[in-house]
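The values are calculated or read from the model by the stated rules, or taken from the named source; none is laboratory data. Given the structure is predicted, the values throughout are model-derived calculations rather than measurements. Glycine also receives a Cβ, built like all others from the backbone with ideal geometry; neighbour counts cover every protein chain displayed. Ligands, DNA and RNA are excluded from the accessible area calculation, which covers all protein heavy atoms including side chains. Shrake-Rupley method; radii C 1.70, N 1.55, O 1.52, S 1.80 Å.
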Amino acid sequence: MKDEIVTYREMCDRENRQTMQRGMNYRCNPSYSVFLMSQRTNAPYDDRVHPDGFTIEYEGHDTPKTVYVKNPKKVDQPLINQGGTLTQNGLFVQAIKDFKKGDRSPEIIRVYEKIFSGIWSEKGFFKLLDFKNILKEGRKIYRFILEETDFKFKTGEVVENSMRSRSRIIPSAVKKIVWARDKGMCVLCGEKDELHFDHDLPFSKGGTSIDAKNVKILCARHNLSKSDKIE
């Protein structure tokens with residue numbers, strides 16, 4: 001479910017991984033890939049949500065630091081490893097090129113955002129639609145464009161629910177305010193497990209995602225019972 005609050009351990013278990021140290025994870029699941037993003041001031045990459053509230057712009061990742069590469073921030077982000085295989089950047093760029101040629105559907109990306117140390121928010125599933133290769137501070141970097149779409153699991157696969165309206169992404173700054181205000185628990189029952197960020201007035205009914213007054217923390221039970229109804 002979108003905007004579910006999870007610990008780092010829960011995120012790893014959900015993706016059947018011991019650890020998730022890499023931010024870009026091409027097909028770590030047979031049905032989708034995973035991006036780990038952060039909009040914190042000390043984040044190593046410049047990930048951002050567009051003003052439309054539905055689009056994520058995700059920065060590609062640098063080459064690893066080696067004896068030959070002392071400062072990865074000074075060299076172009078690579079598409080190919082030294083051994084000739086595609087990097088994570090390269091895998092996703094190739095997926096976009098194949099999609100644009102009509103050879104495949106858009107790659108599905110499950111996105112998690114780091115809110116605090118050990119606390120993450122699952123932002124849901126997105127379609128990977130495009131990329132840009134731009135010059136930034138004297139080097140070339142990649143920026144990937146993802147658009148929010150509602151997906152659900154069905155018989156082990158991720159299936160798009162095209163009938164459901166999209167819900168504007170809640171900015172991370174708002175989530176931090178709400179987490180502190182609601183003390184990291186459901187405002188209705190005090191539960192601290194299976195939590196979600198939820199709109200008071202749904203975006204589909206005119207509510208806003210950019211005002212903490214319209215966002216609260218609910219447990220899974222109260223989130224599902226509320227659904228898309230206005231209380």
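Could you check segment 65-89 and list, in sequence order, the residues that are part of a loop (DSSP other than H, G, I, E, B), closer than 30 Å to residue 115 by Cβ and either open to solvent by less than 30 Å² (accessible area, probe 1.4 Å) or at pLDDT 90 or above (or both)?
Those that are part of a loop (DSSP other than H, G, I, E, B), closer than 30 Å to residue 115 by Cβ and either open to solvent by less than 30 Å² (accessible area, probe 1.4 Å) or at pLDDT 90 or above (or both): 71, 77, 78, 87.
List pairs: first residue in segment 209-220 and touching a residue at least 12 places away in the same chain (Cβ under 8 Å) and outside any helix (DSSP H, G or I), second residue surrounded by fewer than 20 Cβ atoms within 10 Å (Cβ to Cβ) and among the basic types (Lys, Arg) anywhere in the structure, Cβ distance under 7 angstrom, at least six positions apart or on different chains.
Sorted first by the residue in segment 209-220, then by its partner, the pairs are 209/168; 218/226.
Which residues, taken from segment 193-228, are over 23 Å from residue 173 (Cβ atoms), at pLDDT 75 or above and open to solvent by 60 Å² or more (accessible area, probe 1.4 Å)?
193, 194, 221
Checking residue 57 against (1) free of Cβ contacts under 8 Å to residues at least 40 places away in the same chain; (2) closer than 22 Å to residue 73 by Cα; (3) of a type in the set (D, E, K, R): exactly one of these is not met. Which one?
Result: residue 57 fails condition (1) only.
Out of (1) open to solvent by 60 Å² or more (accessible area, probe 1.4 Å); (2) among the hydrophobic types (A, V, I, L, M, F, W, C); (3) at pLDDT 95 or above, the odd one out for residue 92 is which?
Only one criterion is unmet by residue 92, namely (1).
Which condition does residue 134 not pass, out of (1) open to solvent by 50 Å² or more (accessible area, probe 1.4 Å); (2) part of a loop (DSSP other than H, G, I, E, B); (3) among the hydrophobic types (A, V, I, L, M, F, W, C), if it passes all the others?
(2)
Failed condition for residue 104, given (1) crowded, with 18+ Cβ neighbours inside 10 Å; (2) charged (D, E, K, R); (3) not in a strand (DSSP E or B), with all others met?
Result: residue 104 passes all but (1).
Scan segment 19-42 and report the pairs whose first residue is at negative phi and open to solvent by 60 Å² or more (accessible area, probe 1.4 Å) and whose second residue is modelled with pLDDT of 90 or more and of a type in the set (S, T, N, Q), with Cβ atoms within less than 9 Å and a gap of 6+ or a chain change.
Hits for this filter: 22/88; 26/33; 26/88.
Please find, among 123, 114, the residue that is open to solvent by 30 Å² or more (accessible area, probe 1.4 Å) and either closer than 18 Å to residue 174 by Cα or not in a loop (DSSP other than H, G, I, E, B) (or both).
Only one candidate passes the filter, namely 114.
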